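The values are calculated or read from the model by the stated rules, or taken from the named source; none is laboratory data. These numbers come from a predicted model, not from an experiment. With ideal geometry, Cβ positions are generated from the backbone for all residues, glycine too; neighbour counts draw on all protein chains shown.
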Amino acid sequence: MKRSKTTIAILTCVTAAVVFCSPSVMMGYTIFGFALGQSTSNYQRDHRVFCNFEDNAANNNSNPEAAFPGALGAKLALWKAAVAWNSQNGGNRAFESDWQGEANSGGNVNQNTSSSLEQSCGGGTLAFTENPDNSGWRIKYCEEWTWEDGPTVTGGRVDLQGVGAHEYGHAIGIGHSQGGNCNVGCSSRPTMCASICSNGVSERTINGDDRGAITDIYGSIPGNKPLITNVTGFSTVGSPITITGSNFAANVAVKFTANTTQDSGVIPGVVYGAMTTNGGTEVVVNIPFDALSGNVFVWQSGQGGLSNYWPLEIIEIAPTVSMIDPPCGQLRGGETVTVQGSNFSGSAEIFLDGQAISTTALTSTMLTGVTPEGSGPGTFVDVTVTQDAGSDTLPNAFEYKENEIAVELSGSLRAGTNLKIDVYGPANSRVAVAVGSPGEIKRLGFCFCIESPFPFVQRYGAGHNTGPTGHIQIVWSGIQGPVFTQWSVTGVIDPPASSNIQLPCESFSVLP
């Protein structure tokens, strides 16, 4: 049975204890002494959710909200939790959180991700924030509690949004409020009290003590802070939108939700160097291919920082596939191909013969991927691109050809361990491989012998075959016989309708 204690703990050090790293006491609140950056060299305002909560109630809110497009369930609750600290929610504070969507894992300790711990925390702990500092943070929710994603909370469950607002306060640099401020009714208590009130719903809204803390860390709203007042246009990838407002610099960046954890360099989902018009009140940009439904900002780290967030729903349309280049490849796979077409989005994925392959979306008209192993030479397979809005298939567009002959070594090269010998070539070819000291192996027909007083190390005869995929892996089980520091792999392949072909000779060193 789930426990009903409602204590919140925070981990702010590497240890697993409930401990603070010397927060500064200011008025009724405490702060940790750092601020999350918004520069291009260390951008830390982003946050995301990995939806691994075990309770159905934690992720079953299917009612969309216009202010939080594309988010439902736990994602919606925790996005709203972070937005509670943003500038547009009252108070004179210069802080904005940047929603970056759904993560595919809990991430490392500085990837700004919230997720379930998937186990009990013990000690009455509801959730904790790991190592919050100016390089990022990670929030974990303890699974012995029954979490509720809202909008209402019933039946002894704990409010994910309210606890999320508290934990995000830690992530952005705020410690627990002092005890005297927390000995009041639920509606008057700070969000940052060390324990929640009732089911935690009252923690959704920050109060004066919380606002004082965030203003102390991030300052008051500067007079040159960019402000978005409207966004118009057809919200499909590649289409132009017009952002209107005030205090836009002559050149700005426009930042979209894009499911990215990158915090420096050329960040995905950002249009850089956009020219503004009408005295810094308007900017027109094309929605980048990797943008997703979420928020959009005007971002100018040198003048006023981030604007207020503006919700933007990206309307995806089905892709069109026109070609794949090159149109053929080796049966072994592992080769890079480029798929061209139109209306590709950041969720696009390439399929070859029904197999999903590793895909990189470059633009709205170009994707790249790595081919998988084929089923046989001379096989023509379909090329399909699938994304959230649909799919398109180019039938029989890619041909698998015979493999080029190659020998590749992998595995450990230490004495007494295994070496993997991969032989590639035409399908259904006989293979013989031998391992010995360099210069000592001699081929006799389709077998091998050794011309020295040393015993033969290991031989593989004609019983090996590359099969329909043109590939066989042979494992050489360790160093036997004389101990050499240098060994050589050689062999012969006998393709159908061909004479014997000498395999490339590969040498390797045995490590101590």
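Does at least one position in region 209-220 carry a residue that is without any contact (Cβ under 8 Å) to a residue 60 or more places away in the chain and surrounded by 20 or more Cβ atoms within 10 Å (Cβ to Cβ)? No, region 209-220 contains no residue that is without any contact (Cβ under 8 Å) to a residue 60 or more places away in the chain and surrounded by 20 or more Cβ atoms within 10 Å (Cβ to Cβ). For region 47-68, the set of residues classified as closer than 29 Å to Gly208 by Cα and surrounded by fewer than 23 Cβ atoms within 10 Å (Cβ to Cβ) consists of Glu65, Ala66, Ala67, Phe68, listed by residue number.
Has region 329-339 got any residue that is surrounded by 23 or more Cβ atoms within 10 Å (Cβ to Cβ), in contact (Cβ under 8 Å) with a residue 60 or more places away in the chain and of a type outside the set (Lys, Arg)? Yes, some residue in region 329-339 is surrounded by 23 or more Cβ atoms within 10 Å (Cβ to Cβ), in contact (Cβ under 8 Å) with a residue 60 or more places away in the chain and of a type outside the set (Lys, Arg). Applying the criterion of being modelled with pLDDT of 95 or more and touching a Cys at 6+ places or on another chain (Cβ under 7 Å) to the residues of region 74-116, the residue that is surrounded by the fewest Cβ atoms within 10 Å (Cβ to Cβ) is Lys75. Within region 170-191, does at least one residue satisfy the condition of being at positive phi and either crowded, with 20+ Cβ neighbours inside 10 Å or part of a helix (DSSP H, G or I) (or both)? Yes; the residues of region 170-191 include at least one that is at positive phi and either crowded, with 20+ Cβ neighbours inside 10 Å or part of a helix (DSSP H, G or I) (or both). In summary, strands (runs of 3 or more DSSP E) completely within region 247-307 and bearing 2 or more residues that are surrounded by fewer than 24 Cβ atoms within 10 Å (Cβ to Cβ) occur at 251-256, 270-277, 282-286.
Here region 343-366 is the region considered, the condition is being aliphatic (A, V, I, L, M) and closer than 10 Å to Gln387 by Cβ, and the residue that is modelled with the highest pLDDT is Ala348. Checking each residue of region 344-357 against the condition of being under 30 Å from Pro504 (Cβ atoms) and either within 22 Å of the chain's Cα centre (by Cα) or touching a residue at least 60 places away in the same chain (Cβ under 8 Å) (or both) gives at least one match.
For region 151-162, the criterion of being assigned to a helix (DSSP H, G or I), within 15 Å of Lys75 (Cβ to Cβ) and either under 22 Å from the mean Cα position of the chain (by Cα) or at pLDDT 95 or above (or both) is met by at least one residue. Would you check if Ser239 is in contact (Cβ under 8 Å) with a residue 24 or more places away in the chain, more than 32 Å from the chain's Cα centre (by Cα) and surrounded by fewer than 17 Cβ atoms within 10 Å (Cβ to Cβ)? No. Pairing each residue of region 266-283 that is touching a residue at least 40 places away in the same chain (Cβ under 8 Å) with any residue that is among the polar types (S, T, N, Q) and not in a loop (DSSP other than H, G, I, E, B), provided the two are 6+ apart or on different chains, yields C-beta distances under 6 Å for Glu282/Thr244; Val283/Thr276.
Confirm whether Thr229 is outside any loop (DSSP other than H, G, I, E, B) and touching a Gly at 6+ places or on another chain (Cβ under 8 Å). Judged against the criteria, Thr229 is a match. Summed over region 234-246, the residues that are closer than 20 Å to Thr365 by Cα and either touching a Cys at 6+ places or on another chain (Cβ under 7 Å) or in a strand (DSSP E or B) (or both) give a count of 2. Checked against (1) surrounded by 14 or more Cβ atoms within 10 Å (Cβ to Cβ); (2) more than 28 Å from Leu503 (Cβ to Cβ); (3) more than 25 Å from the chain's Cα centre (by Cα), Gly376 meets all criteria but (2).
Out of region 77-115, which residues are touching a Lys or Arg at 6+ places or on another chain (Cβ under 7 Å) and part of a strand (DSSP E or B)? Scanning region 77-115 gives Asp98, Gln100, Gly101, Glu102, Thr113, Ser115. Evaluation of Val423 against the conditions (1) farther than 22 Å from Ile501 by Cβ; (2) out of contact with any Phe, Trp or Tyr (no Cβ under 9 Å at 6 or more places or on another chain); (3) modelled with pLDDT of 80 or more shows that the sole unmet condition is (1).
Checking each residue of region 395-404 against the condition of being without any contact (Cβ under 8 Å) to a residue 40 or more places away in the chain and not in a strand (DSSP E or B) gives no match.
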